[in-house]
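The structure under discussion appears below in the form of structure tokens.
The values are calculated or read from the model by the stated rules, or taken from the named source; none is laboratory data. Please read these numbers as outputs of a predicted model, since none were measured by experiment. In this analysis, Cβ positions are derived from the backbone assuming ideal geometry, glycine residues included, and neighbour counts consider all displayed protein chains.
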């Protein structure tokens, strides 16, 4: 089988490519250039789009003895990920750019080009498990819960999943993967995992948003509509946030206040006590089904953050969306995030959160 190995420059993708070679596949490595000027993205060893990462990926391919190419997806990344990120924050929502990159770039644009070039599948270093059942490819949680990445892969559909390979899904310890990399002579065995957002090198998300969206004086208001502080742009905040509010008027009961809602039209941020963040209902739009649509109510689990706890719920799927009734209230769920639905450890589908309710 001709396999396109997506090599980020990290240890996971390098070992995934190596295992594909061991399995006897015809493997070609590819690194994605996501910026016209890589130095404007994260430098050092903590990103997935830096100039150092492309060099590390090439060295790993050389050790494995496989062809290697760099594909320029910078224009599409800017339009589908960075511009989407800015538009979502401007609209008062909280996007997940890594999830969007998986959906639009790594498993759409790359797979599309790979198939056009005659490749049969794409292999990545994601920690998730694929199983074949009833003629379909199923997506399951990784064997290592701490490294499970099924949440950020929940945006993939059956057409994409059927062309994917996740060689690390059954691994139970990251230390073993690093040891394997060292034994193979891959010097990046000790390279730290990537974190944060690759196109915000400083880690200062608010500063990045201010530079692109500008600043304008707005108000913090409490649940009664009373002004309790000022800010320089509602796009700097997200539902559930506590730090960095700098409210001018303390709460009467002395308790900390959290962001409860964002009103971009009026440039207002609503704040209140933690218990006011409690959510019992989630409404999602733009559903994606991993295998096939599941309409009507059913019992399952949902997850709203990459490393969040699965929550039992009643899930009601429709062609235009998903409604979720949680068994127990959850806190800090923001519009723009993804809700991924599971049947046990198997991914059923996902949707973008449009609204929440008590």
Is there any pair with a first residue in segment 54-72 that is under 13 Å from residue 21 (Cβ atoms) and in the same structural domain as residue 29 (by TED's automatic domain parsing) and a second that is loosely packed, with under 12 Cβ neighbours inside 10 Å and at pLDDT below 95 whose Cβ atoms are under 9 Å apart and which are 6 or more apart or on different chains, and what are they? 63/185
Residue check: is residue 291 outside any strand (DSSP E or B), assigned by TED's automatic domain parsing to the domain that holds residue 340 and either without any contact (Cβ under 8 Å) to a residue 40 or more places away in the chain or more than 29 Å from residue 132 (Cβ to Cβ) (or both)? no
Only listed residue being more than 23 Å from residue 239 (Cβ to Cβ) and either at pLDDT below 95 or assigned to a strand (DSSP E or B) (or both), chosen from 348, 324: 348
Take segment 200-254 and flag every residue that is over 31 Å from the mean Cα position of the chain (by Cα), at pLDDT below 90 and surrounded by fewer than 11 Cβ atoms within 10 Å (Cβ to Cβ). 248, 252, 253, 254
Among the residues of segment 252-274 satisfying the criterion of being assigned to a loop (DSSP other than H, G, I, E, B) and touching a strand residue (DSSP E or B) at 6+ places or on another chain (Cβ under 8 Å), which is nearest to residue 357 (Cα to Cα)? 273
If a residue must be in a strand (DSSP E or B) and in contact with a helix residue (DSSP H, G or I) (Cβ under 9 Å, 6 or more places away or on another chain), how many such residues does segment 118-167 contain? 10
Testing residue 84 on (1) within 25 Å of residue 21 (Cα to Cα); (2) under 16 Å from the mean Cα position of the chain (by Cα); (3) surrounded by fewer than 21 Cβ atoms within 10 Å (Cβ to Cβ), one condition comes back false. Which one is that? (1)
For a quick check of your reading: which helices (runs of 4 or more DSSP H) sit entirely within segment 1-117 and have at least 1 residues that are modelled with pLDDT under 90 and within 22 Å of residue 127 (Cα to Cα)? 51-64, 97-101
How many residues does segment 224-246 contain that are part of a loop (DSSP other than H, G, I, E, B), touching a strand residue (DSSP E or B) at 6+ places or on another chain (Cβ under 8 Å) and closer than 25 Å to residue 305 by Cβ? 8
